[in-house]
Each structure stands twice: as C-alpha cells, then as structure tokens.
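Participant: Dumping the structure here so I can ask a few things about it.
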Amino acid sequence: MTIQIINNKIQEHKNQLLSHSLYEKVRTIDDLHCFLENHIFAVWDFMSLLKALQNKLTCTTTPWLPIGNPAIRYLINEIVVAEETDMTIDGKRSSHFEMYIDAMQQSGASTAQIDAFLANVEATKNIFVSIKQSDLHPNVKAFLDFTFRVIEQGKPHEIAAAFTFGREDLIPNMFTEILKNFQQNFPETDLSKLIYYFERHIELDADEHGPMAMQMITELCGDSEQKWKEVEEVSVQALEKRIGLWNAIEEQLELRLEMA
C-alpha cells in the first residue's frame, strides 16, 4: 500500500468535509465566534498529537539515546519547531495554539470554555476525566476522546495517521476566503491575526509539513500491510470525528438562529 492509495480511500470523507454545509452558515461575527470557540479544541489537541509523535520517535528523556530513524527524528523536530515556536504577525515567537487564542481575543470571541477545560485538565491530571466532566457538545467530546485514545494506544504509525490525514489541508484555504469576506463586511472587527493564522497554516502545510508528514508515514509503515491497514482505519475515523465536529458547530449555529 502507498500514500496515494490511502488518499484515494479517504477522498470521500475529505469531500464531505470540503462540501459541508457549515461553511454557508457562518454568516455573522457571532457565527464566527461560535465556530472559533469550538474549533479551538481541534487546534489544541493537534498539539498533543504532535508531542506524542515527538515522544515516540525521538529521545525526550535523559540520558539521551539515538532512538529511531534520524530522518524521522528530523521530520518531527522540524514540525515541532514551527508548531510550538512560529513567528506571529507581530514578529514574536508563539505556538499555533497561542496564536489562535490571540486571534480569537482580537476578534471578540470568548476563550472562557477552552480556558476552563485546560484548567480542569491540569486539576484532574486525566484527560479522559476532563473530557467526560466538560460541558462540551457530545461530538466535540467524541473528537477529543478519539485523539487521546489513539495517543494512549501508542502506535506511532496510527498517531501519525491521525496527525497527517485527520487534519484537513484544504479547509484553512476556505476559511481564509470567508474571513476576508468578513473583514470587508464587518470592518469594525479586526480579523488580521486570524487571517494570518490560516494563511500561515496553509503555507506550512503545503510547502513543508504536509510532505514531511507523508514521508514520516511511509517510513513508519514500510512494507507492513498491517500498519498500512491501521493507518487507513485511523485516518477514516479521524475524518469522521472531524465531520462530527463540523456537525456540532452547525447544530449550535442553527439553535442560535432558532432562538433569535
């Protein structure tokens, strides 16, 4: 099996994401805030997938040992540097999660829900307990639970699958256009940091992280049909959970409309 075969097998799910009716329903700044306040959880748990890969594929403890394939070590460390310490629109260093939080605050969206969730994660020291205790939409809970189940199972190729195929590479492009339209229609709301975040995401994924992640999966699976099969299964499940997240946001937008 190859990367191209995996891409062909998951194309239907990617098409569902790209043609999702959610995009047409983000019409007002309040709608955008609702989207951001939910999507931030996907931005956050992505960082955990990233660090799980770094822990599995490189040496992050002492005494240091030359663990794994040097080519894969390079790939994951390069991605970590960009995701954890990228350059902001203001020329400062920040993780992509912190950049997103900053952009939310600039746009007027609330970070109360993600702040409370992370405080609970620190308090419980158990991500699954925190997910269960949260007031998040069931689909958001399922999205997070899936991510951390994959991490907990500890198979590098499966974590890499969720990291690579479970995260969209075309959707940020869509949202950049939506945000630019918002900026024109609602000039009083500054969305410059949000637009920068999505544009930066597109640039890195297309030019660097995407090809690197594909190479990482190829290296991890090698000639193992079993590993390739597991990559396919996890990739499909990850996309299904993402569709579920989009459904949850759409449901909340429709509920807000009914109550208006």
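The values are calculated or read from the model by the stated rules, or taken from the named source; none is laboratory data. Since the model is a prediction, treat every value here as computed from it, not as a measurement. No Cβ is skipped: glycine too gets one built from the backbone with ideal geometry, and neighbour counts run over all protein chains shown. Surface areas here come from the heavy atoms of the whole protein model, side chains and all, with no ligands, DNA or RNA. Shrake-Rupley method; radii C 1.70, N 1.55, O 1.52, S 1.80 Å.
Participant: Taking into account only those residues within the range 207-241 that are assigned to a helix (DSSP H, G or I) and of a type in the set (Ser, Thr, Tyr), which is most open to solvent (accessible area, probe 1.4 Å)?
Facilitator: Of the range 207-241, the ones assigned to a helix (DSSP H, G or I) are 207-221, 225-241.
So of that shortlist, the ones also of a type in the set (Ser, Thr, Tyr) come out as 218, 235.
On the way: 218: 65, 235: 0 Å².
For the range 207-241, the residue satisfying everything is 218.
Participant: Shifting gears a bit: Which pairs turn up if I take residues in the range 112-130 that are under 18 Å from residue 47 (Cα atoms) and in contact (Cβ under 8 Å) with a residue 40 or more places away in the chain and look for partners that are of a type in the set (S, T, N, Q) and surrounded by 13 or more Cβ atoms within 10 Å (Cβ to Cβ) with beta carbon separation below 7 Å, at least 6 apart in sequence or on another chain?
Facilitator: Cβ pairs passing all conditions: 117/130; 117/134.
Participant: Would a scan of the range 23-34 turn up a residue that is closer than 15 Å to residue 241 by Cα, open to solvent by less than 30 Å² (accessible area, probe 1.4 Å) and part of a helix (DSSP H, G or I)? If you could, list the steps in order and put the result at the bottom.
Facilitator: Just the residues of the range 23-34 that are closer than 15 Å to residue 241 by Cα, to begin with: none.
No, that holds for no residue.
Participant: While we're on this one: Looking only at the range 76-111, how many residues end up being of a type outside the set (Val, Ile, Thr), open to solvent by less than 30 Å² (accessible area, probe 1.4 Å) and either farther than 21 Å from residue 53 by Cβ or in contact (Cβ under 8 Å) with a residue 24 or more places away in the chain (or both)? Can you show your working first?
Facilitator: Taking the range 76-111 as the starting set, the residues that turn out to be of a type outside the set (Val, Ile, Thr) are 77-78, 82-84, 86-87, 90-100, 102-110.
With open to solvent by less than 30 Å² (accessible area, probe 1.4 Å) added as a condition, the list becomes 82-83, 86, 94-96, 99-100, 103-104, 107, 109.
With either farther than 21 Å from residue 53 by Cβ or in contact (Cβ under 8 Å) with a residue 24 or more places away in the chain (or both) added as a condition, the list becomes 82-83, 86, 95-96, 99-100, 103-104, 107, 109.
Summing the residues that are of a type outside the set (Val, Ile, Thr), open to solvent by less than 30 Å² (accessible area, probe 1.4 Å) and either farther than 21 Å from residue 53 by Cβ or in contact (Cβ under 8 Å) with a residue 24 or more places away in the chain (or both) in the range 76-111 gives 11.
For every residue, the table says whether it meets (1) touching a Gly at 6+ places or on another chain (Cβ under 7 Å); (2) open to solvent by less than 80 Å² (accessible area, probe 1.4 Å); (3) modelled with pLDDT of 85 or more; (4) not polar (S, T, N, Q).
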{"position": "127", "(1), (2), (3), (4)": "no, yes, yes, yes"}
{"position": "135", "(1), (2), (3), (4)": "no, no, yes, yes"}
{"position": "142", "(1), (2), (3), (4)": "yes, yes, yes, yes"}
{"position": "147", "(1), (2), (3), (4)": "no, yes, yes, no"}
{"position": "161", "(1), (2), (3), (4)": "no, yes, yes, yes"}
{"position": "164", "(1), (2), (3), (4)": "no, yes, yes, no"}
{"position": "167", "(1), (2), (3), (4)": "no, yes, no, yes"}
{"position": "190", "(1), (2), (3), (4)": "no, yes, yes, yes"}
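Participant: Exactly one condition in (1) buried (at least 20 other Cβ atoms within 10 Å of the Cβ); (2) farther than 26 Å from residue 88 by Cα is false for residue 258; which is it?
Facilitator: Every condition holds for residue 258 apart from (1).
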